[in-house]
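All remarks here apply to the structure that follows.
The values are calculated or read from the model by the stated rules, or taken from the named source; none is laboratory data. Please read these numbers as outputs of a predicted model, since none were measured by experiment. Cβ placement follows ideal geometry from the backbone for every residue including glycine, while neighbour counts extend to all protein chains displayed. To get the accessible areas, we keep the full protein, side chains included, count just its heavy atoms, and leave off ligands, DNA and RNA. Shrake-Rupley method; radii C 1.70, N 1.55, O 1.52, S 1.80 Å.
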There are 4 protein chains.
Amino acid sequence: MKISILGATGYTGEELLRILASHPEAQIQHLTSENQTGSSLHQVYPHLSQFYHDKLISIKEVDKIAANSDVVFACLPHGHAMDIGTRITGGGAKLIDLGADYRFSDPVVYEKWYRLPHVHHQSGAVYGLTELKREQVRNAKIVANPGCYTTASILALTPLLKADLVDTKTLVVDAKSGVSGAGRKTELMYHFCEVFESVQAYGIAGHRHTPEIEQELSETAGMPVIINFTPHLIPMPRGILSTCYASLKPEVTPEKVDEAFKSMYEGEYFIRLLGRGGYPVTKHTRGSNFCDIGWHIDPRTHRVIVVSAIDNLVKGAAGQAVQNMNVMFGIDEKMGLMQAPLYP
Amino acid sequence: MKISILGATGYTGEELLRILASHPEAQIQHLTSENQTGSSLHQVYPHLSQFYHDKLISIKEVDKIAANSDVVFACLPHGHAMDIGTRITGGGAKLIDLGADYRFSDPVVYEKWYRLPHVHHQSGAVYGLTELKREQVRNAKIVANPGCYTTASILALTPLLKADLVDTKTLVVDAKSGVSGAGRKTELMYHFCEVFESVQAYGIAGHRHTPEIEQELSETAGMPVIINFTPHLIPMPRGILSTCYASLKPEVTPEKVDEAFKSMYEGEYFIRLLGRGGYPVTKHTRGSNFCDIGWHIDPRTHRVIVVSAIDNLVKGAAGQAVQNMNVMFGIDEKMGLMQAPLYP
Amino acid sequence: MKISILGATGYTGEELLRILASHPEAQIQHLTSENQTGSSLHQVYPHLSQFYHDKLISIKEVDKIAANSDVVFACLPHGHAMDIGTRITGGGAKLIDLGADYRFSDPVVYEKWYRLPHVHHQSGAVYGLTELKREQVRNAKIVANPGCYTTASILALTPLLKADLVDTKTLVVDAKSGVSGAGRKTELMYHFCEVFESVQAYGIAGHRHTPEIEQELSETAGMPVIINFTPHLIPMPRGILSTCYASLKPEVTPEKVDEAFKSMYEGEYFIRLLGRGGYPVTKHTRGSNFCDIGWHIDPRTHRVIVVSAIDNLVKGAAGQAVQNMNVMFGIDEKMGLMQAPLYP
Amino acid sequence: MKISILGATGYTGEELLRILASHPEAQIQHLTSENQTGSSLHQVYPHLSQFYHDKLISIKEVDKIAANSDVVFACLPHGHAMDIGTRITGGGAKLIDLGADYRFSDPVVYEKWYRLPHVHHQSGAVYGLTELKREQVRNAKIVANPGCYTTASILALTPLLKADLVDTKTLVVDAKSGVSGAGRKTELMYHFCEVFESVQAYGIAGHRHTPEIEQELSETAGMPVIINFTPHLIPMPRGILSTCYASLKPEVTPEKVDEAFKSMYEGEYFIRLLGRGGYPVTKHTRGSNFCDIGWHIDPRTHRVIVVSAIDNLVKGAAGQAVQNMNVMFGIDEKMGLMQAPLYP
């Protein structure tokens, strides 16, 4: 497979390169970077020096890139991928967008939350949460790779909604993320001394992953679902833990909850169910494509609490993108993704 | 003031010693440690070597300790302070217990959650969340110093309950704590390599701070309040962030919420209100007795989200204990607690 | 004492404010910041909000600042303090410069290492390593506050040179610093994700603290001393550990080494000698003005290894600056500096 | 290849399992653990749950283990591997010992530094620093896998000694290690809160990796080499940085130094030379088998400073062990070791 990456020098692009370095079918064609055009990749990321010697080109060469590639990964700030989507698919390549541009079935939602006119309606893009949309992904020309928070949260909550076990008006998602989720921006907020030994919430009632989670949960529930989503910044580079709260409907037993998770994720290699009472640990997923899920039921409040853990750069971004690529090209979904987590 | 500390070599005891080193009225009388009896304190904590040269004695000398002290701080595993409460107060000293033994007005609750018979009923102990119980603390012989999670959570939620703004059936508290909250135990779970770059929940639907929060909220609400409380372990030594969710009653406006916080905490030196839209940061409280509080209202779900931050060893333990001591002895409540936070 | 700070919003300025908040004689007059002129300090540093409400002004008002102040601290990038030195002292204030401008008795050395013409020769500035230059500091109008690495390294090595115990051609200083030593610059190198779980050397054979260490060691030795100095970046905000190697002269016994340290530092409150075989720990000094020193002798190589630990922002910057201020104004040298280290 | 691991539940054993999970020729036969006998591996390490389902057995079954295995890795505290060395090789398996028992050609050195009688003289063991001893490793029945500090230090210094460029009496090695080097022991010194935001030296003039470094450097130099070696504990789990100092012989030019490194390591895949002026970063090697090396020459002191970086658990332990296994079995040395470093 001939692969190009637009925006290769951010953390998401770099993580794609890390994963693809071990993917037996991957062959890198072009890498772009607007800040570092003309440099070699290993000058930007010396740790990859035995793996890649590619020169970084500009995204202005997108037509050449599309023509030379079977698949193009876009790791761009929102607003840029939709500008070039038709040039990529028109050039014969498939597009996997790790940004937000193609995630919303309704452009109005995108425009409201991202404050940009959407310029590529009716793209036919598929929302690539692989475990939920595998068949659609298989035939897609454009895959919208889900956000990191959304992957963890949707995987945690979908079984409950699918089995109709919870009151959809009671959903609260309290999520904790490592700093790499914010990218490689040199802002004061991400300075080592500012982040260290500190935790804080941000984006309460306004984070852009909210409508993305709601879209997918609503589709599963068959009715509009509105949630509270609160992200937190945790002093670590990698990892997301999503703690999800919902009131169980009357008469729902713990066994029904167990059954909902098991029936939905049976046979899913990358979903590891820790069972009722299980506690996912972000470090257990570090560097891997796993999503670990445990759930708890509080008889005092009749609430269910689901906890999920992922590596935000892998299952929350580059790993799921490769998983989607594998599905799109009909090869083993796990190819290149079988590395064990890096522990400790 | 002649002061003794039972269990001086845990992190809570050590933090008391750090604070008291700058307290102009404090004079240390006795320090106990069962593991290190006979050692000098600075052998256990070399960083305190210019401050203390006391020998550690055994708690078996409790009667002597009581007789020689105006106030005794107990930093003991639960179950131990209630055994000696009457010997301390009978000996003429006041007791500030940083453990759980005296926190519950109903011994049945204690016995249910701590699985121990309570041996000191009718102790007259006052729950020492200073801002809420200042007058009772003033005259108490025994003060039950609140837990760390509970301090952060109660301070965040009480204004809403006091002003009757929220549906008490909808309370969810999602809290994040640094590792020092677990003490200085050498268990695998707290090994540096295990904690580093990792976050996890624990004690879901069963953590012992739950009934403590509920007791105080119920008292304020004038009705039983049952909550969901989920603690998380964050890879940092100090700091608690408590993110609290509640559904607003119909017709409650944002301005009413603002007013509830302002009217309750006006003039409270250690409560710093960041206002509606404010984001507390645990590092902003590091080493200090402050509790920073911000709140947010989501018009889409009509929920209020309150976030509070403290240093778990200070306002969540030793600092509030000293604050209580100051109140009990009629001196300036802020004495010894005026150090600015250590940042960065 | 009326105090102003030039460059109050960097980590060094902020640390001065933290310390001065507990200094009974300190009264802040003016704070400057060129990036944040017009803001209030607590907008830049919310954690100081109960302590300061000062507006930040521009350094352009230096004459007013000098006229209104007894002492001015300069926390400026090198090259700026020497521009205004005469205006400050001419205005009647004493100047404590936490930058490099006044550290070199020979302007040629400054110009060679800092690549800037020196514009304030014959300033009469005193090198303010308090323990070594207390008497000169007492009468100085300008004090050059030493660098962080230099403080740790000079305090570790001076006893050996003073007692003429080592071959001065064999000195190697391998130092490890927390990230706050680089200031609050938002450069990629200091991004949380880049620093985390990583260590590296930098500035080998070229770091600007080298000539500063050499100047002071040469003065003590009575002969030119040239060293190797290697700084390292450690994934923590605060703390410097300096590991110093030297070949002992023939016949020098361990006891002579012990005696050199004890005789030099006896009675020095801020120097804590851990003795032969002692291991300083940076965390034991966190937030305090202590310098902990231990030394070791390897009989196999006849080398002495001295290890010293400080908090780079306190004894390595703001703490020593306050110590110097106290000496200059004839008050207790320890005033405002008696806080116990923050541990853990 | 049929593989067994003695002591599979320490960090070194676990790292072997991580690497072998991606090794196409590896087939696990037996795993031992004395503390966890009877448990399944994934109960001890849940993050490996999709990879291994083996039950942990006791080392008492060593004869069965040897009979069933082509190669046995020993990850045991020192003193245990030499007890069973002949039973393993007698049983037909090759032995790769990740402990210290077989590292010393002279048992007297072992007995002096480890204070244990050596019970397996004349074992024919080869010191497995692969790049230096590849041919001997190829035919070895027992390979003594080098220590972590020693790998980093020997790789940094050997080119200089081989080319006779430095005065062997002047060698100083100042090394910095992550905490995983100390294993998974639950000692207070490795408690999260104690390690965090702290750095310290330990084992000065007495660390057991000293004679191991000296043995190999002496062999290269053709004369006894005595060094100073100082290890430091850094607040991170993985990574070693070794900063090495030596006085150049008179007339040695920078170009000769460059030539020594290049000629020695040309074609070595796992050695990445950053050149003169290069700065290795431990994070650039995280999770990989690389050793990055840079060197600097100080014309003022005529010293060379060599800096090397490795992941202590990979090139410093399990990775090099697999590299040795590959060599011993005549397969591609890089097999299973081609994963890109995990960054950030």
Which residues, taken from the range B:179-233, are of a type in the set (Ser, Thr, Tyr), open to solvent by less than 10 Å² (accessible area, probe 1.4 Å) and out of contact with any Pro (no Cβ under 7 Å at 6 or more places or on another chain)?
-> B:Thr210, B:Thr230
Across the range A:85-104, which residue is surrounded by the fewest Cβ atoms within 10 Å (Cβ to Cβ) among those that are more than 15 Å from A:Ile5 (Cβ to Cβ) and in contact with a strand residue (DSSP E or B) (Cβ under 7 Å, 6 or more places away or on another chain)?
-> A:Thr89
Would you mind finding the one in B:Ile204, B:Ile226 that is within 24 Å of the chain's Cα centre (by Cα) and over 18 Å from A:Thr243 (Cα atoms)?
-> B:Ile226
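Listed here are the residues, each with its yes/no results for (1) in contact with a helix residue (DSSP H, G or I) (Cβ under 8 Å, 6 or more places away or on another chain); (2) basic (Lys, Arg); (3) farther than 18 Å from C:Pro211 by Cα.
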position: C:Ala93; (1), (2), (3): yes, no, yes
position: C:Asp97; (1), (2), (3): yes, no, no
position: C:Glu111; (1), (2), (3): no, no, no
position: C:Leu129; (1), (2), (3): yes, no, no
position: C:Leu132; (1), (2), (3): yes, no, no
position: C:Glu135; (1), (2), (3): no, no, yes
Kindly indicate whether any position in the range B:18-30 is within 14 Å of chain C (Cβ to nearest Cβ) and in contact with a Leu (Cβ under 6 Å, 6 or more places away or on another chain).
-> yes
Only one of (1) touching a strand residue (DSSP E or B) at 6+ places or on another chain (Cβ under 8 Å); (2) open to solvent by 10 Å² or more (accessible area, probe 1.4 Å) does not apply to A:Thr253, and that is (1)
Does the range D:324-332 contain any residue that is part of a loop (DSSP other than H, G, I, E, B) and in contact with a Ser or Thr (Cβ under 9 Å, 6 or more places away or on another chain)?
-> no
Selection within the range D:264-284 - over 23 Å from D:Cys148 (Cβ atoms) and either within 9 Å of chain C (Cβ to nearest Cβ) or open to solvent by 40 Å² or more (accessible area, probe 1.4 Å) (or both) = D:Glu266, D:Gly267, D:Arg276, D:Gly277
Residue within the range C:27-38 that is of a type in the set (Ser, Thr, Tyr), out of contact with any Gly (no Cβ under 9 Å at 6 or more places or on another chain) and at pLDDT 95 or above present | yes
Qualifying position, being open to solvent by less than 20 Å² (accessible area, probe 1.4 Å) and either at pLDDT 95 or above or more than 7 Å from every other protein chain (Cβ to nearest Cβ) (or both), among B:Phe329, B:Phe261 | B:Phe261
What do you reckon, is A:Asp167 within 14 Å of chain B (Cβ to nearest Cβ), closer than 18 Å to A:Trp295 by Cα and open to solvent by 30 Å² or more (accessible area, probe 1.4 Å)?
-> yes
Might you check whether a residue that is modelled with pLDDT of 95 or more and more than 20 Å from A:Val62 (Cα to Cα) occurs anywhere in the range A:8-17?
-> yes
When the range B:182-234 is checked residue by residue, the ones that are of a type in the set (S, T, N, Q) and either over 21 Å from A:Pro237 (Cβ atoms) or more than 9 Å from chain A (Cβ to nearest Cβ) (or both) are B:Thr186, B:Thr210, B:Gln215, B:Ser218, B:Thr220, B:Asn228, B:Thr230
Filter the range D:118-147 down to residues that are more than 20 Å from D:Gly330 (Cβ to Cβ) and out of contact with any Phe, Trp or Tyr (no Cβ under 9 Å at 6 or more places or on another chain), then give me how many there are.
-> 4
Taking the stated definitions as given, is D:Ala340 assigned to a helix (DSSP H, G or I), more than 10 Å from chain C (Cβ to nearest Cβ) and of a type in the set (Gly, Ala, Ser)?
-> no
Examine the range B:299-311 for a residue that is closer than 18 Å to C:Ser49 by Cα and either open to solvent by 10 Å² or more (accessible area, probe 1.4 Å) or more than 11 Å from every other protein chain (Cβ to nearest Cβ) (or both), and state whether such a residue exists.
-> yes
With respect to C:Gly278, determine if the residue is in contact with a Gly (Cβ under 6 Å, 6 or more places away or on another chain), touching a residue at least 60 places away in the same chain (Cβ under 8 Å) and among the small types (Gly, Ala, Ser).
-> no
Checked A:Gly319, A:Gly294, A:Gly287 against criteria (closer than 28 Å to A:Cys75 by Cβ, under 21 Å from the mean Cα position of the chain (by Cα) and either open to solvent by 10 Å² or more (accessible area, probe 1.4 Å) or within 11 Å of another protein chain (Cβ to nearest Cβ) (or both)); the one match is A:Gly287
Looking only at the range D:25-35, and only at residues there that are without any contact (Cβ under 8 Å) to a residue 40 or more places away in the chain and outside any strand (DSSP E or B), the one that is nearest to D:Ala8 (Cα to Cα) = D:Ser33
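So, restricting to helices (runs of 4 or more DSSP H) that lie completely within the range C:96-165, which ones have at least 1 residues that are modelled with pLDDT of 95 or more and farther than 30 Å from C:Arg276 by Cα? Step through it out loud before you land on a result.
On the way: elements: C:107-114, C:130-138, C:148-162.
Here the list reads C:107-114, C:130-138.
Please work out which residue is farthest from B:Leu274 (Cα to Cα), limiting yourself to the range C:36-84 and to residues that are among the aromatic types (Phe, Trp, Tyr) and either open to solvent by less than 30 Å² (accessible area, probe 1.4 Å) or part of a helix (DSSP H, G or I) (or both).
The residue in question is C:Phe73.
Report whether or not C:Leu129 is surrounded by fewer than 16 Cβ atoms within 10 Å (Cβ to Cβ), over 30 Å from B:Ser288 (Cβ atoms) and among the hydrophobic types (A, V, I, L, M, F, W, C). Please lay out each step first, then the result.
Numbers: surrounded by fewer than 16 Cβ atoms within 10 Å (Cβ to Cβ): no; over 30 Å from B:Ser288 (Cβ atoms): yes; among the hydrophobic types (A, V, I, L, M, F, W, C): yes.
It is false that C:Leu129 is surrounded by fewer than 16 Cβ atoms within 10 Å (Cβ to Cβ), over 30 Å from B:Ser288 (Cβ atoms) and among the hydrophobic types (A, V, I, L, M, F, W, C).
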Those residues that are surrounded by fewer than 23 Cβ atoms within 10 Å (Cβ to Cβ) and either of a type in the set (Asp, Glu) or over 21 Å from the mean Cα position of the chain (by Cα) (or both), I need them from the range B:1-32; list them, please.
-> B:Met1, B:Lys2, B:Pro24, B:Glu25, B:Gln27, B:Ile28, B:Gln29
Does B:Leu132 satisfy the condition of being away from chain A (no Cβ under 14 Å), closer than 30 Å to B:Lys249 by Cα and among the hydrophobic types (A, V, I, L, M, F, W, C)?
-> yes
Residues A:Thr253, A:Thr243: which one is hydroxyl-bearing (Ser, Thr, Tyr) and facing chain B (nearest Cβ under 10 Å)?
-> A:Thr243
